[in-house]
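Below is one structure; the comments refer to it alone.
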Ligand code: SAM
């Protein structure tokens, strides 16, 4: 082990190395050191990575490790590690395993008792979140949404009341459909941000409520190009009674006078279309009051 120091495990070390997501100046000193010193680099696309390595004057041999061969070929990398060679894993851009290959290899290598060391660096979701101005204390990364509309909407319905900031990767040719579905499921008022072409010449970070963000992208076809991350603020509990219209409260009050609280809230929700859990909370408040 040359690049990071001591390891307790046997054999070589697998370094999981993040590479730039656009701007080559984001390559870390440590990443360069590790990639120069390891015996072999497992790369998602060797033709793509050779250009990166050439740019930095690194001549370490490359071998393919992509989603189609990762499970089967993992043994090959493992054998090299077991023989004592250090190996690095890289993807086409950003952090391996984050919507990129590497999970099966890392799992297999760890299971064999070989050290796996992260060499952190660029990651589109973290870069976008760090500049979005949306709550960042808790967030969830949903990766790519299903490509087909039905699957996408079903997934979004499940996330509708997720309180943490939501982060999605999306392909440029689907960004408009994605924003349309986000708006129809989460509502047009929900704060959101589109982070496009991060670290590159046409980098754009546009933060707007979902309906305006959708309009912005619809009106400018340039916004439907390049790589993008979509962030959406998490769901927040409406200000209970303030958010419930007066006519709904009247229905709730009438029912509360006639039946138990839980039943009244459920029935009022059915009659008015308001959310049952909100009406239940409001009913509790009204009873206390
Ligand atoms: N492993 C990468 C990472 O750490 O971010 C992600 C790889 S995934 C196959 C590619 C997706 O990441 C793109 O479709 C896009 O959603 C996002 N992405 C990657 N680079 C980006 C960039 N420069 N700007 C915005 N989004 C980017």
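Data for the structure
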{"item": "Top of 150, 244, 106 by mean-square fluctuation, Gaussian network on the chain, Cα under 10 Å", "result": "244"}
{"item": "Normalised contact order of the chain, rounded percent, pairs of Cα under 8 Å and 6 or more residues apart", "result": "16"}
{"item": "Cα long-axis angle, helix 70-82 against the chain (0 to 90 degrees, to the nearest 10)", "result": "50"}
{"item": "Overall Cα dimensions of the range 125-232, principal axis frame, Å, largest first", "result": "36, 30, 23"}
{"item": "Computed lengthening from residue 212 to residue 277, 0.36 nm per intervening residue step minus Cα-Cα distance", "result": "20.5 nm"}
{"item": "Gap separating the Cα centres of the range 90-163 and the range 186-226, nearest whole Å", "result": "20"}
{"item": "Choice from 275, 51, 153 with maximal GNM fluctuation in the chain (Cα, 10 Å cutoff)", "result": "275"}
{"item": "Convex hull volume of the range 241-288 per residue (C-alpha atoms, cubic angstrom)", "result": "59"}
{"item": "Cα Rg, Dmax, the chain, angstrom units", "result": "25.0, 80"}
{"item": "Helix-only CD estimate at 222 nm, as mean residue ellipticity for the chain, using -39500 (n - 2.57) per DSSP H run (n ≥ 4)", "result": "-12500 deg cm²/dmol"}
{"item": "Zone of residue 140's modelled label, taken as backbone nitrogen in the range 176-198 under 20 Å from a point 7 Å along Cα→Cβ", "result": "178-194"}
{"item": "Sites residue 150 and residue 99, calculated FRET efficiency, Cβ-Cβ separation with R0 25 Å, nearest 0.05", "result": "0.70"}
{"item": "89, 205 arranged by Cβ crowding within 10 Å, fewest neighbours leading", "result": "205, 89"}
{"item": "Using alpha-carbon coordinates, inclination of helix 210-219 to the longest axis of the chain, degrees", "result": "60"}
{"item": "Nearest-ten-degree value, helix 149-159 long axis tilted from longest Cα axis of the chain", "result": "70"}
{"item": "Whole-angstrom Cα spans of the range 1-103 along principal axes, big to small", "result": "36, 31, 23"}
{"item": "Highest-first arrangement of 141-149, 169-177, 188-196, where packing means the average Cβ count within 10 Å", "result": "188-196, 169-177, 141-149"}
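Where a number appears in this text, it was derived from the coordinates with a stated rule and is not lab data. All values derive from a computational prediction rather than experimental measurement. Every residue, glycine as well, gets a Cβ built from its backbone with ideal geometry; the counts of neighbours run over all protein chains shown.
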